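Notes follow once the structure below has been shown.
The values are calculated or read from the model by the stated rules, or taken from the named source; none is laboratory data. Keep in mind that this is a model prediction, so the values were computed, not measured. As a convention, Cβ positions derive from the backbone with ideal geometry for all residues, glycine included, and neighbour counts pool all protein chains shown.
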Amino acid sequence: MKIQPLGDRVLVKPLEEAEVRKGGIIIPDTAKEKPQEGKVVAIGTGKRDDDGKLIPFNVKKGDRVLMPKYGGTEVKIDDQDYQIVREDDILGIIE
């Protein structure tokens, strides 16, 4: 199944937090926070300004991005978890 986001929305696959920390401590699932980092899988058709001109995206497919903890819409595609967020909600690109 494929999903093509519409407008200024971006499909992001959250990157999982490591289960073992540097000190060797194992973090149980119940103590893990929601992922704030993800990889852009697909971008929408774009946002238009007041004159109808298409505004280019700042992110592109394959970018690692920083997202807010509690934003976007969670979806499940072929047993994989994804989030659909507006480009404006993305906090930054990780290089």
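Computed quantities for the displayed model
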quantity: Residue satisfying all of: in region 41-88; farther than 13 Å from residue 8 by Cβ and among the β-branched types (Val, Ile, Thr); modelled with the lowest pLDDT among these; calculated: 77
quantity: Test: residue 69 is over 15 Å from residue 7 (Cα atoms), of a type in the set (D, E, K, R) and either touching a strand residue (DSSP E or B) at 6+ places or on another chain (Cβ under 9 Å) or buried (at least 16 other Cβ atoms within 10 Å of the Cβ) (or both); calculated: no
quantity: Search result, residues across region 37-78 that are part of a loop (DSSP other than H, G, I, E, B), without any contact (Cβ under 8 Å) to a residue 40 or more places away in the chain and within 11 Å of the chain's Cα centre (by Cα); calculated: 61, 62, 63, 68, 69, 71
quantity: Members of region 72-95 that are loosely packed, with under 13 Cβ neighbours inside 10 Å and polar (S, T, N, Q); calculated: 73, 80
